[in-house]
Every structure is written in C-alpha cells, then in structure tokens.
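Some notes on the structure that comes next.
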Amino acid sequence: FAVFLVLAFGTVIAWHIRERYTVTGDEPHYLIAASGIAFHGSADLVRPIAEEVRTRSIYASGFSVPEGKQAYIGMHARRGPNGVFSVHGLGIPIFLAMPYRVGGTLGAKIALVLLAAMIVPVCWVASGCFPGDKIGRASAIAATVLGLPFIPAAGQIYPDLPGGLICLTAISLLMTGR
C-alpha cells in the first residue's frame, strides 16, 4: 500500500513540477464539471465554462470558441431545458469537487491517487479467496498494482480506475461472502 502511494504520488508530483502530461482529452471537461459543483453548487456548466474560457486555469492551451458561438459548443456539453450539462457522467466531478476546490488540478489528481491506492487492500481481500501462502498473495498483488497502468494512471482524471475499483470491490465482496 505504502509503496504504491509513494510511487503514484511521486509520479503525479514529478509530472506536475515538470509540467508534463498536463490535463488533456476528457480530463479538462471532468474538471470543469467539478469546478461547477465545487464553486457554484451546480452541475450546470454555463458559469464554469465561461470562467475556464476566460482564465484557462484548467486547460492552459485554452478552448477555442468560434466568434459568435456559445462557449459550450465543442466542450463536451449539451444545452438542455434547464441549462448546459456535461455529456460525461457526474460521478468523477462529484468525487473531485472538494479536492479541486482545495487544491485545483493537483488536488484532484492527488484525490484520485488516494482512491486508486484502495486497489491494494481490495486485491488483498480478493486474493484471500484462493488457497496459497501470504507471500504468494503479496507477490501477485505487487505485480498487479505496481505494474502499468496503475501507477502512472492513478492521477489521471478518468473514470477507469475508480470504476475498476468499484467492480473489484463488488467481486471481492461476492467472493468472500461479506
């Protein structure tokens, strides 16, 4: 557990300091939604998108908004009858709202590292369903969680690792009868 945390935190912090692997793809869109929840108490993206277009605090390269177009066009958001909402699920933005409010993008990534670290004890519980010695269990878990993609992906703002953790936890609970 501690080794995973040290390696994953080290990766996130090193990348942050060196400005490597900054947010890209869907990541800024999850953070914009988290920003709306954290600072405006709403999943409506009108204000957080306008703020991001103006400040570029999440996505330094900035989003291009064609002249005369509304800012949400091309921002992974759709206008509905009650506002502009993300095309992505709200699970990650809800989870990241407070870490983002406290620590910005780095805070969100650190929260995801902490969540991803829970894979270690969940794997330990799941592996207990199979006969074998504890050294064998620990070796299998170390090979799994210390290999790619867990350490570098732990701080990435995507639902994959949290979703995998939820599934692994459910399977572990079913296997152990808890």
Can you find a residue in the range 71-89 that is closer than 20 Å to ASP160 by Cβ, β-branched (Val, Ile, Thr) and under 20 Å from the mean Cα position of the chain (by Cα)? yes
Return yes or no: is THR24 under 15 Å from the mean Cα position of the chain (by Cα), surrounded by 14 or more Cβ atoms within 10 Å (Cβ to Cβ) and among the hydroxyl-bearing types (Ser, Thr, Tyr)? no
Matching residues in the range 153-175 - criterion: being open to solvent by 50 Å² or more (accessible area, probe 1.4 Å) and not in a helix (DSSP H, G or I): TYR158, PRO159
Just to verify a result, which residue in the range 36-67, among those that are in contact with a Lys or Arg (Cβ under 8 Å, 6 or more places away or on another chain) and within 19 Å of PHE95 (Cβ to Cβ), is most open to solvent (accessible area, probe 1.4 Å)? PHE39
Looking only at the range 105-112, decide whether some residue is out of contact with any helix residue (DSSP H, G or I) (no Cβ under 6 Å at 6 or more places or on another chain) and either outside any helix (DSSP H, G or I) or among the aromatic types (Phe, Trp, Tyr) (or both). no
Name the single residue that is modelled with the lowest pLDDT among those in the range 48-93 being under 12 Å from SER35 (Cβ atoms) and assigned to a helix (DSSP H, G or I). ALA50
Look through LEU115, LEU96 and report the one residue that is touching a Phe, Trp or Tyr at 6+ places or on another chain (Cβ under 9 Å) and either surrounded by fewer than 20 Cβ atoms within 10 Å (Cβ to Cβ) or among the polar types (S, T, N, Q) (or both). LEU115
Check on THR11, under 24 Å from LEU146 (Cβ atoms), of a type in the set (Ser, Thr, Tyr) and outside any loop (DSSP other than H, G, I, E, B): yes
Please give the number of the condition GLY155 fails out of (1) modelled with pLDDT of 90 or more; (2) under 19 Å from TYR59 (Cα atoms). (1)
Give me a count of the residues in the range 122-152 that are within 14 Å of PRO162 (Cα to Cα) and surrounded by fewer than 14 Cβ atoms within 10 Å (Cβ to Cβ). 1
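The values are calculated or read from the model by the stated rules, or taken from the named source; none is laboratory data. As the structure is a computational prediction, the values presented were derived from the model and not from experiment. Virtual Cβ from ideal backbone geometry, glycine too; neighbours counted across all protein chains shown. The accessibility values were calculated without ligands, DNA or RNA, using every heavy atom of the protein model including side chains. Shrake-Rupley method; radii C 1.70, N 1.55, O 1.52, S 1.80 Å.
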